[in-house]
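Working notes for the structure below.
The values are calculated or read from the model by the stated rules, or taken from the named source; none is laboratory data. Small disclaimer: the values here were computed from a predicted structure and weren't measured. A quick note on method: Cβ atoms are made from the backbone with ideal geometry, for glycine too, and the neighbour counts reach across all protein chains shown. Ligands, DNA and RNA are excluded from the accessible area calculation, which covers all protein heavy atoms including side chains. Shrake-Rupley method; radii C 1.70, N 1.55, O 1.52, S 1.80 Å.
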Amino acid sequence: MTRITDLLAAGPTVSFEFGPPRSPEAAATLERTLVELEPLQPSFVSVTYGAGGSTRDTTREIVEHIRRDTAMTPMPHLTCVAHRRAEVTDIVQGYRDSGIENLLALAGDPPAGGAAEAGDFRYAVELIELVRDVGDFSVGVAAHPEGHPRSTDRASDRRHLAAKLAVADFGITQFFFRANDYFTMVDELAALGVHTPVIPGVIPITNVGQVERFATLAGAAFPVELADRLHAVADRPDDLRRIGVDVASALTRELLDGGAPGIHFYTLNFARATKAIFANLGLPRGLRPRVPPTSRIQGQNRGQNRRAEAEPRTGAPPPF
Ligand code: FAD
């Protein structure tokens, strides 16, 4: 196994996110995707966790499968809201005992309908503490460049994010469409004295309605000119996919050129768009930032040379 902290110290990372499948057909699709994406040699891959424990066993099974049967390094996501401390301790101990060294520590969302189930946690930072007590994990956390959707004011949201990143090893962002939102967040964190590497998340758009819905939930602005461009070709899947891949490729390049410590692709369990972006950019060889890292990201990388899919359709797990 490989610690993500060490990977980030060695150079820019590239990672893929997968979600637990919800049907036998979706499981077969995920399996094909793993086979297709493994040759791209991602630095690590992550597997999401259903808030409140809805995918507790499947997340674990997929993480184990990737660890055992592929050359990829898996990182489980884990949410703590609506969980008891003993339950979460048991999950983390299980990962530790099977040799998992990386974990994405999240709060998760409270159960829908407002009836908060009994739980021992409120914020992700409390989970980081527990994970550190259980084992020597490289611990990642979520970051929202445009602010967390439940947050009422940006300044306090940034302070909470800074406090969380200060005790974590790295962050991964929610997806976004304007590179500047990411760089502004990094600058604001630096102003608060936090230089923990934050990996930007990129979503390739292959279904415009679906990504608009995801963006609304995630609190990510969907630029009008991009929406217009995509809606104009909404009934021409090949054109839509080409534009989606071009947009994601350009964003990826801008982020890496600006000194981002890596890129995290929201695959929605499909391989084709991610493979096309790799081909466009000549990744992974093209991962090295072309400009000195300090030019855009103050401090985060300072002094280091950081270095076949169907259309997503109903049933694709949501990105986070
Ligand atoms: P926190 O960091 O705890 O923040 C939640 C809110 O509380 C924010 O508004 C913050 O400003 C506020 N806050 C934080 N600390 C304090 C404090 N001390 N006092 C007052 N307010 C505070 N969800 C899933 O269910 N499963 C997944 O697998 C998953 N993976 C994700 C992966 C990534 C990369 C990202 C970006 C998100 C993911 N999510 C996932 C979504 C995430 O669980 C939600 O965004 C959730 O609402 C908040 O989780 P968090 O870890 O960001 O919470």
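How many nm is it between the label spots at ASP238 and ASP69, if each spot is 7 Å from the Cα in line with the beta carbon?
3.4
Ranked by accessible surface with a 1.4 Å probe, highest first, in what order do LEU40, LEU127 come?
Sorted descending by solvent-accessible area, the residues read LEU40, LEU127.
Please give, to one decimal in nm, the separation of the simple spin-label points placed at ARG32 and ALA10, each 7 Å out from Cα toward the Cβ.
3.2
Checking a compactness column here: for segment 4-45, what do you get for Rg(Cα) / (2.2 N^0.38 Å), N being the number of residues?
Relative to the rule-of-thumb radius for its length, segment 4-45 sits at 1.41.
Near the amide H of VAL47, under 5 Å away, which other amide H atoms are found, from residues 5 or more places off or on another chain, if H is placed in the peptide plane?
It is PHE18, MET75, HIS77, by chain and number.
Please give me, ordered by residue number, the GluC sites (Glu not before Pro) of segment 90-166 that lie in loop per DSSP and have at most 13 other Cβ atoms within 10 Å.
Answer by residue number: GLU117.
Mind pulling up the Rg/Rh value for the chain? Radius of gyration and Kirkwood radius, both on Cα.
Across the chain, the Cα-based Rg/Rh ratio is 0.93.
Would you mind getting the accessible area per residue of the chain, heavy atoms of the protein chains only, 1.4 Å probe, in Å²? Spell out each step's value before the answer.
Values: 13500 Å² over 320 residues.
Ligands and nucleic acids excluded, the figure is 42 Å² per residue.
Determine the calculated [θ] at 222 nm for the chain from helices alone, applying -39500 (n - 2.57) to every DSSP H run no shorter than 4 residues and normalising by the residue count; nearest 500 deg cm²/dmol.
Per the formula, -13000 deg cm²/dmol.
Under 4 °C and 1.567 mPa s, how fast does segment 48-134 diffuse according to Stokes-Einstein, given a Kirkwood radius computed over C-alpha pairs? Answer in µm²/s, whole number.
98
Tell me, what HN-Hα J-couplings in whole Hz come from the Karplus equation 6.51 cos²θ - 1.76 cosθ + 1.60 at θ = phi - 60° for each residue of segment 123-131, using x for Gly and Pro?
The phi angles translate into 10, 4, 4, 5, 6, 4, 4, 5, 4 Hz.
Tell me, what % of the accessible area of the chain is carbon and sulfur with a 1.4 angstrom probe?
51
Could you list which residues have their amide H under 5 Å from that of PHE265, counting only those 5 or more apart in sequence or on another chain, with H placed in the peptide plane?
Distant-sequence amide H within range of PHE265: SER15, PHE16, GLU17, VAL202.
On a 1.4 Å probe surface of the protein chains, which of ASP235, ASP181, ASP187 comes out largest in accessible area, and what is the full order?
Largest to smallest exposure gives the sequence ASP235, ASP187, ASP181.
Would you please give the residues with an amide H less than 5 Å from that of ILE199, counting only those at least 5 places away or on a separate chain, with H modeled from the backbone geometry?
Excluding prolines and chain starts, which carry no amide H, the hits are GLY171, ILE172, THR173.
Return the tail of the calculated pair distribution for segment 134-282, meaning the percent of Cα-Cα pairs more than 26 Å apart.
I get 28 percent for the Cα pairs in segment 134-282 exceeding 26 Å.
Under the √(5λ) rule applied to the eigenvalues of the Cα gyration tensor, what semi-axes describe the equivalent ellipsoid of segment 139-187? Give them in Å, descending.
Equivalent ellipsoid semi-axes, largest first: 16, 14, 10 Å.
Assuming R0 = 41 Å, can you tell me the calculated FRET efficiency for the pair VAL224 and ALA163, based on Cβ-Cβ distance, to the nearest 0.05?
Given R0 = 41 Å and the Cβ-Cβ separation, E is 0.75.
Subtracting the Cα-Cα distance from 0.36 nm times the residue separation, let me have the gained length for ASP187 to ASP120 in nm, one decimal. Intermediate values should be presented prior to the final figure.
Values: separation 67, 0.36 × 67 = 24.12 nm, distance 3.34 nm.
Full-extension gain reported as 20.8 nm.
Taking only the alpha-carbon positions of segment 125-164 and ignoring solvent, what does the Debye formula give for the base-10 log of I(q)/I(0) at q = 0.14, 0.24, 0.29 Å⁻¹?
For the requested q values the scattering log ratios are -0.38, -0.80, -0.97.
From the backbone phi of segment 100-105, what are the Karplus-calculated ³J(HN,Hα) couplings (6.51 cos²θ - 1.76 cosθ + 1.60, θ = phi - 60°) in whole Hz, Gly and Pro given as x?
Once θ is set to phi - 60°, the couplings for segment 100-105 become 6, 10, 10, 8, 9, 8 Hz.
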